[in-house]
Amino acid sequence: MSLRQSQFEVERLVTEAAAMGIEVDRALYRELSFDLKNGESKVFIRGQEVQPEEVYGLWFRVAGTKSGKYTEARNLAIRILETKGVKCVNSRTYLSWTRMGKIAQHGVFLQNDIPMVPTRIFYTKDQVLEREEWDFPVIVKHERGSQGKSVRKFEHREELVSFLDRISEKNLGMFLWQKALPTRWDLRIIVVDREAIGAMKRSASDGEFRSNFSLGGAVENWRLDREEKELAEKAARVCGLDYGGVDIMKDREGKNYILEVNRQCQFQGFEKATGINVAKKVVEMMIK
């Protein structure tokens with residue numbers, strides 16, 4: 001992520017690792033370079049070779065750029081360093097999914113019988129307009145959106161049609177169309193080392209339907225029951241996550257639906273709500 005967006009998480013890791021006598025070094029993707037040679041490949045950060053015996057692990061944040069060059073850099077670092085015994089958090093999911101979009105996630109959920117909100121995906125505007133049985137309100141979200149910023153809510157057909165008029169048809173297949181659940185809150189569960197360590201309840205603020213902490217949603221501790229814990233751990237497992245956030249929403253009857261998983265989830269609101277030291281657990285995972 002940008003320096004500003006991930007500053008909290010990095011500083012927390014620095015603090016907790018230092019208390020354990022471990023140094024955290026922050027590097028940007030553009031500071032990586034590689035020397036590729038059979039049996040002797042090397043990874044460099046700011047011109048210094050990464051020495052496996054000196055490193056517990058790497059914890060990646062978002063690899064940006066439209067070209068995808070940094071996702072390739074991340075994955076190359078994983079392939080080289082893990083053969084040398086360096087732990088790379090979420091390596092299995094990174095190598096399997098260059099970008100962890102919501103549509104691909106839903107395919108994995110279906111394969112593994114994980115409950116999800118009924119969803120529609122369209123590739124032409126006619127496909128959308130031909131649907132007469134819309135049950136409003138309808139939620140529309142971009143498959144690569146984050147922090148709730150791409151989520152829209154349509155109360156009636158006129159709003160839906162207006163949205164279609166504003167977007168290019170070539171981008172239509174990047175959206176998920178879902179029935180809006182009536183609750184104005186959801187759960188963010190954080191999984192570390194394949195274990196759900198806790199949960200926070202996120203409630204939408206007045207005049208807002210999205211419950212994200214970054215959008216002003218109120219957060220509070222939530223005591224996980226067995227079903228919620230097992231469902232979150234299963235979702236993380238089938239998506240290959242050592243570390244990540246799992247979002248669950250409930251209907252009026254209390255049935256659980258997985259909304260998505262987030263492999264680079266931020267945890268400022270989570271630590272505030274739960275009192276759980278996420279940063280320490282991440283460091284402990286890499287040491288282990």
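When LYS37 is tested against the conditions (1) of a type in the set (D, E, K, R); (2) in a loop (DSSP other than H, G, I, E, B); (3) modelled with pLDDT of 95 or more; (4) closer than 30 Å to GLY145 by Cβ, the lone failure is (4). Of all residues in region 122-141, those that are in contact (Cβ under 8 Å) with a residue 40 or more places away in the chain and surrounded by 15 or more Cβ atoms within 10 Å (Cβ to Cβ) total 6. If the condition is being surrounded by 17 or more Cβ atoms within 10 Å (Cβ to Cβ) and either under 12 Å from THR98 (Cβ atoms) or among the acidic types (Asp, Glu) (or both), then region 68-77 contributes TYR70, THR71, ALA73, ARG74, ASN75.
Among the residues of region 91-116, those identified as assigned to a loop (DSSP other than H, G, I, E, B), surrounded by 15 or more Cβ atoms within 10 Å (Cβ to Cβ), at pLDDT below 95 and touching a Lys or Arg at 6+ places or on another chain (Cβ under 8 Å) are MET100, GLY101.
Yes/no per residue for (1) among the polar types (S, T, N, Q); (2) within 24 Å of ALA104 (Cβ to Cβ); (3) modelled with pLDDT of 95 or more:
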| site | (1), (2), (3) |
| --- | --- |
| ALA199 | no, no, yes |
| GLY207 | no, no, no |
| GLU230 | no, yes, yes |
| ARG237 | no, yes, yes |
| TYR257 | no, yes, yes |
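When TRP134 is tested against (1) assigned by TED's automatic domain parsing to the domain that holds LEU172; (2) aromatic (Phe, Trp, Tyr); (3) modelled with pLDDT of 95 or more, only condition (3) is not met.
Kindly indicate whether any position in region 48-62 is closer than 20 Å to ILE190 by Cα, out of contact with any Phe, Trp or Tyr (no Cβ under 8 Å at 6 or more places or on another chain) and in a loop (DSSP other than H, G, I, E, B).
For region 48-62, residues closer than 20 Å to ILE190 by Cα, out of contact with any Phe, Trp or Tyr (no Cβ under 8 Å at 6 or more places or on another chain) and in a loop (DSSP other than H, G, I, E, B): present.
Close Cβ contacts (under 8 Å, 6 or more residues apart or on different chains) running from residues in region 19-36 that are under 16 Å from LEU81 (Cα atoms) to residues that are of a type in the set (Phe, Trp, Tyr) and surrounded by 13 or more Cβ atoms within 10 Å (Cβ to Cβ) comprise TYR29/TYR70; LEU32/PHE44; SER33/PHE44; PHE34/PHE44; ASP35/PHE44.
Entry remark, region 150-172: residues being closer than 18 Å to GLU260 by Cα and in contact (Cβ under 8 Å) with a residue 12 or more places away in the chain number 3 in total. Of the residues GLY47, GLY107, the single one that is of a type outside the set (Val, Ile, Thr), more than 14 Å from the chain's Cα centre (by Cα) and not assigned by TED's automatic domain parsing to the domain that holds ASP242 is GLY47.
The values are calculated or read from the model by the stated rules, or taken from the named source; none is laboratory data. Remember, it's a predicted structure, so these values are computed and weren't measured experimentally. Glycine gets a Cβ as well: all are built from the backbone with ideal geometry, and neighbour counts include every protein chain shown.
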